[in-house]
Amino acid sequence: MGIEQQEFVDLEVPSPTSPLWSEFDAVRFAGHGANGDDRSVKILNLVDICQKETINLLSFKERRVFETLSPRGKRFMCVQVTTLPKRLKIQHDQWVYTTASGEADKPEVAFGFMADMLLSSACVYGKAIHAHNIKEVVAGRYFSKSRTHPTVRSFCRSSDFHLVYSNWLSQELTKLFAPFKEIIGLYHLGTSIEQRLIFLGENYTTKTLISLLSSGTKQISDETLRQFNNGQITRLQYETPIFSFNSISYKARTHDGVEIFVKETPFAKEEKHGAELAARFLPRMMNPRIAAKGELVYPFFQGTTKSDIRLSYIRSGYKDQDLTQRLLHVEMVQAEDTLRAYRQSLSLTGNSIDRAGAQPKYNIQRFFHDRLINDSRMRQYYGKGMNLPGASRSIPFDQLLKLRWRINGQRYTTLQNAFDYARSVVAPESSSIQRCPIAFGIGDLHGGNIMVSDVFNRKGGLSEVLFIDFEVSGFHPIMLDLAKPLYVDTMFESLFRKFLGDGFSNGTRCRLVGGEVVVDLAHRVDTLTQSIFRIKTQCLIKPLRAEVQRLGGNLDDHVPILAVALFLCATVSRNFSDDPMDFAEKFALGMIFLRARNWDGIEACFRELGFSE
Ligand SMILES: Nc1ncnc2c1ncn2[C@@H]1O[C@H](COP(=O)(O)OP(=O)(O)O)[C@@H](O)[C@H]1O
Ligand SMILES: [Mg+2]
């Protein structure tokens, strides 16, 4: 097939006796032709592929985000990937992708990458019956979802098509779709504002639970550590990271040229311990070594944090396609890795966690309950009182806690009541925390703790993702672990507005009226944020709920912990004392979340904040 140089020659396709055999329907080989051009071949199992909705493609390259066309414009298609040992991957593609069921009357439809390729290709060896059957099946599926038929421009590569080829394809489509009589109209590409950014594949779960080995986890060598301890290093120029809030760090090079990342933190021991645990559950991480004077030394990773990329994306006017693609890629990887770690650790119940040498200590409570003891965090930030618009003077701390709130026209309780309730729900000895399923998680997985390699291979869709910062990693009540990434990633712009500078203020209003804090939120949700929220709900939370159910529990019962944790992420993780509007906005967001008692409630909160679905 013209592949002269195959990539990944060492990798073996599992044999029919392997338990993996039934998990894939097709295999992709890639490499280069004689002229160095990119070539790939996909081999399909034709026996029952037509009956399936999902096509599982065994691949050596991983790609999760594909550009595609829908009737209403350009979209990204996000495909789930299962990571297997020996660098094998399975991409879970679908024949056709549609938008959410909520829009059943007017769904947007697009071909999956495999369908796109098959439908737009010619049968080289005559009208091979199998190939033709597959084309008919794909056409049927497309029609049944959209009630219309596609045009040449429904194919994502159509702008590259030669006129001759376009004409041929157009005739092919007419023939293929001829049996479908009730055609209502052709799809036309509109130029309307994009309401959606992504198509999301079905959540797919491989039957075989793949355990990952920690042996591949990178760390610095003995020799590098020795040179560091002997001071045989040169500090390198390094821009201070803006999403680092707890430590001092620098970049250095040892005398024999190894680049390292040095982190000084009072929690070095916790971080080392957390990283050791993480290595059992996460494939994309590095293990630090502790130097003689207590610093943590990591290999240096040439990359950018997810949060930095997000800032660039917002600054680009929410338009940059490469940044969008990278952010979607990381979000998919994050959902996949988090879910796998949860699944693998959830089944380790009490005893086996002890045996694994990892007693749950709930160190994650540093962010939650610990900050509520004696109102310590609130006192630290607002102990001297707080200015609010409409008030003639600064409001003393005790009084601040006793004010009632009215948010978007609805009455809410006082902060005092809110914090009392929060304290009772997240206290380590509370029955809610005691009953909550325990799983391994990084705990502090905001975008500043995920890095993405600077080299982004657009064709391969691959950018290396790395999880960092294991200071609070461990076995956590799963709802506490979920909270931070959910809050920070969905509220990113509002949270980091200060880093964005002028021009990014929103229209939230706040006034103290008759002893009540009145807040009218003007929360905006851009399409990427909306997509990130969908990935989290569809690729992480939904399958997690199913997993907990399979184990005999119900995640719904524990939602009050998540609600409280989101409230605490909004209120006590940052200091808003210098900006009354920021204070009002964040506390109002928190109060809204605090009310949720089940998943419907959480979803209602997000809807109130402008999210859909
Ligand atoms: N191994 C590494 N190589 C290069 N940069 C790193 C590495 N680890 C962390 N960083 C950068 O340093 C920042 C702070 O590191 P992190 O471990 O998150 O510390 P903190 O506890 O201060 O948040 C990160 O946001 C990232 O920008
Ligand atoms: Mg960090």
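Tabulated data for the structure shown
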| read-out | value |
| --- | --- |
| Solvent accessible area, Å² - His32, 1.4 Å probe, full protein context | 60 |
| Rh by Kirkwood over Cα pairs, then Stokes-Einstein D for the stretch 471-540 at 0.890 mPa s and 25 °C, µm²/s | 166 |
| Label-point separation, Cys50 to Ser22 (7 Å along Cα→Cβ), nm | 2.3 |
| Portion, in percent, of the accessible area of the stretch 5-200 that falls on carbon or sulfur, probe 1.4 Å | 56 |
| Stretch gain in nm, segment Val513-Val455, where the contour uses 0.36 nm per residue and the Cα spacing is subtracted | 15.6 nm |
| Euclidean distance of C-alpha centroids, the stretch 558-613 and the stretch 252-316, integer Å | 30 |
| Length added when fully stretched, Lys269-Thr234, from 0.36 nm per residue minus Cα-Cα | 10.1 nm |
| When the convex hull of its Cα atoms is projected in every direction, mean area for the stretch 5-200 (nm²) | 12.8 |
| DSSP-loop chymotrypsin sites (Phe, Trp or Tyr not before Pro) across the stretch 238-290, with at most 14 other Cβ within 10 angstrom | Tyr238, Phe245 |
| Estimated vicinal HN-Hα couplings, Hz - the stretch 565-570 in sequence order (Karplus 6.51, -1.76, 1.60; Gly, Pro = x) | 4, 5, 4, 6, 4, 6 |
| Computed [θ] at 222 nm, helices only, for the chain once each DSSP H run of length n ≥ 4 contributes -39500 (n - 2.57) | -10500 deg cm²/dmol |
| Out-of-range pairs (alpha-carbon distance over 20 Å; input Lys251/Lys293; Lys218/Lys272; Lys86/Lys272; Lys89/Lys319; Lys145/Lys542) | Lys86/Lys272; Lys89/Lys319; Lys145/Lys542 |
| In Hz, Karplus ³J(HN,Hα) per residue of the stretch 262-276 (6.51, -1.76, 1.60; θ = phi - 60°; x = Gly, Pro) | 10, 10, 9, 8, x, 9, 4, 5, 4, 5, 4, 4, x, 5, 4 |
| Mean accessible surface per residue for the chain, computed with a 1.4 Å probe while every protein chain stays in place, in Å² | 45 |
| Percent RCO, i.e. relative contact order, over the chain, from Cα pairs under 8 Å lying at least 6 residues apart | 12 |
| Lys218-Asp502 pseudo-label distance in nm [points 7 Å out on the Cα-to-Cβ vector] | 4.2 |
| Förster-model FRET efficiency, 41 Å R0, Arg366 and Val9, C-beta, rounded to 0.05 | 0.30 |
| Computed over the chain, the ratio Rg/Rh where both radii use C-alpha atoms and Rh is Kirkwood | 0.99 |
| Chain lengthening between Thr414 and Lys319 when straightened (0.36 nm per residue, less Cα-Cα) | 30.2 nm |
| Protection proxy ranking of 269-275, 430-436, 20-26 - average other beta-carbon atoms within 10 Å, highest first | 269-275, 20-26, 430-436 |
| Using a Förster distance of 45 Å, the FRET efficiency for Asp556-Tyr165 (Cβ separation, nearest 0.05) | 0.30 |
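The values are calculated or read from the model by the stated rules, or taken from the named source; none is laboratory data. Nothing here was measured: the structure is a model prediction, and the numbers come from that model. Every residue, glycine as well, gets a Cβ built from its backbone with ideal geometry; the counts of neighbours run over all protein chains shown. Remember, those area values only see protein heavy atoms, side chains included, never the ligands or the DNA or RNA. Shrake-Rupley method; radii C 1.70, N 1.55, O 1.52, S 1.80 Å.
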